[in-house]
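What follows draws every value from the coordinates through simple rules; no lab data is involved. Fair warning: this is a prediction, and the values are worked out from it, not measured in the lab.
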Amino acid sequence: MAIGEQAHRYPVALGDILVPALALMLLIEGLLPFVSPRTWREVFTRMTQLNDGQIRFMGLVSMLAGLLLLLLFR
């Protein structure tokens, strides 16, 4: 494969994966505020009271869960 061909393939592949993944993330993130705005506000308020270590741990668990799902369903 030539260098020119390789440079052309990556944006297409990223668009084929990243855009649908971003769209799905936005769809899922929007469910709770749409269905139950009061609950979303309470959850968000509680999250702002967590310390940095707790937020980082939640982010780590979320990333690992996403990675596990990708590996299981790929």
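Quick look at the values:
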| read-out | value |
| --- | --- |
| Interatomic Cα distance distribution for region 11-74, bins of 10 angstrom, percent | 17, 35, 36, 12, 0 |
| Chain lengthening between Val61 and Leu32 when straightened (0.36 nm per residue, less Cα-Cα) | 8.5 nm |
